[in-house]
1. Quick check on the chain: helices-only [θ] at 222 nm, where DSSP H runs of length 4 and up contribute -39,500 (n - 2.57) each and the sum goes over total residues. Nearest 500, please.
2. How do SER201, SER131, SER26 line up, fewest other C-beta atoms within 10 Å first?
3. Sum up the charges of everything whose Cβ sits under 13 Å from the Cβ of ASN196, counting Lys and Arg as +1 and Asp and Glu as -1, but leave ASN196 out.
4. Run through the DSSP bridge list for the chain and note the antiparallel percent, rounded to the nearest 5.
5. Compute the projected area of the convex hull of the Cα atoms of the stretch 1-84, averaged over all viewing directions, and report it in nm² to one decimal place.
6. When THR15, THR166 are ordered from fewest to most other Cβ atoms inside 10 Å of their Cβ, what list results?
7. Do any of LYS142/LYS190; LYS47/LYS106; LYS47/LYS172; LYS2/LYS180 go past 30 Å between their Cα atoms, and which?
8. Kirkwood hydrodynamic radius, computed over distinct alpha-carbon pairs, for the chain: how many Å, to one decimal?
Amino acid sequence: MKLILLGAPGAGKGTVAKLLTEVDGSVQISTGDILRGAVRAGTELGKKAEAYMKAGDLVPDDLIMGIMEERLQEPDCAKGFLLDGFPRTIPQAEALKKLLEKIGAKLDFAVNLDVPREVILDRLTTRRTCSNPDCQAIYNVKSNPPKVEGVCDKCGSPVIQRDDETEEAISKRLETYNEKTAPLVDFYEKEGLLLNINATSSDVVVQTIKEKLGIA
Ligand code: AMP
């Protein structure tokens with residue numbers, strides 16, 4: 001399957017993408033994960049992206065398109081891909097359209113995960129992430145805490161709050177989302193690709209997508 005996952009930070013794009021990879025082996029491509037990896041590794045890309053990310057701002061479109069031009073042409077994408085956190089702006093969506101035409105790939109849907117703002121805020125402030133880059137398991141201090149506080153169940157590494165998940169950075173990320181990313185819903189509606197899903201349960205989202213794709 002070839003899908004874009006749209007939705008505010010905390011809408012569950014990463015969780016849904018992970019579940020979908022298990023359905024048919026399509027790869028999850030998260031620009032946020034790629035950028036966090038670059039920051040950790042101290043690459044040129046990481047150095048350029050870090051300040052924007054910490055502030056909850058978007059990284060410039062040309063850097064993101066540079067990443068995606070390469071990533072989408074890697075062989076593992078031929079089978080299918082789940083774009084998680086990309087595109088985030090209209091220029092990125094337009095550039096993606098051209099890139100997909102160039103490589104001869106056709107999207108199935110742009111899935112919009114529609115989650116009420118109170119649920120998003122609660123999820124983001126209580127989310128914790130495993131600090132081990134190879135694990136990155138996601139926890140929630142209220143609904144899904146690790147068995148031992150602050151320690152990852154899967155790999156034993158410290159479980160942390162992401163730098164951009166402080167209250168201040170979260171409200172900036174939501175503002176950025178409303179201003180720059182929410183207009184993509186209209187963009188994909190006009191393209192005839194939009195699938196809007198009321199997304200409070202990730203299992204229901206996955207089931208709905210499978211039904212729409214005829215693989216339920
Ligand atoms: P995420 O994990 O998707 O919430 O991304 C974390 C941060 O990485 C965002 O707040 C942005 O600073 C940056 N980022 C991720 N994807 C993009 C994108 N497609 N365009 C611009 N910035 C991005």
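Every read-out reported here was derived from the displayed coordinates using simple, explicitly stated rules and does not represent laboratory data. In this text, all values refer to a predicted model and were calculated from it rather than measured experimentally. Heads up, the Cβs are rebuilt from the backbone with ideal geometry, glycines too, and the neighbour counts pull from every protein chain shown.
1. -14000 deg cm²/dmol
2. Details: SER201 10, SER131 15, SER26 19.
By the 10 Å Cβ count, ascending, the order reads SER201, SER131, SER26.
3. -2
4. Rounded to the nearest five, the antiparallel share is 30 percent.
5. 5.6
6. Ordered from fewest to most neighbouring Cβ atoms within 10 Å, THR15, THR166 come out as THR166, THR15.
7. LYS142/LYS190; LYS47/LYS106
8. Working: mean 1/r = 0.0561 Å⁻¹.
So the Kirkwood estimate lands at 17.8 Å.
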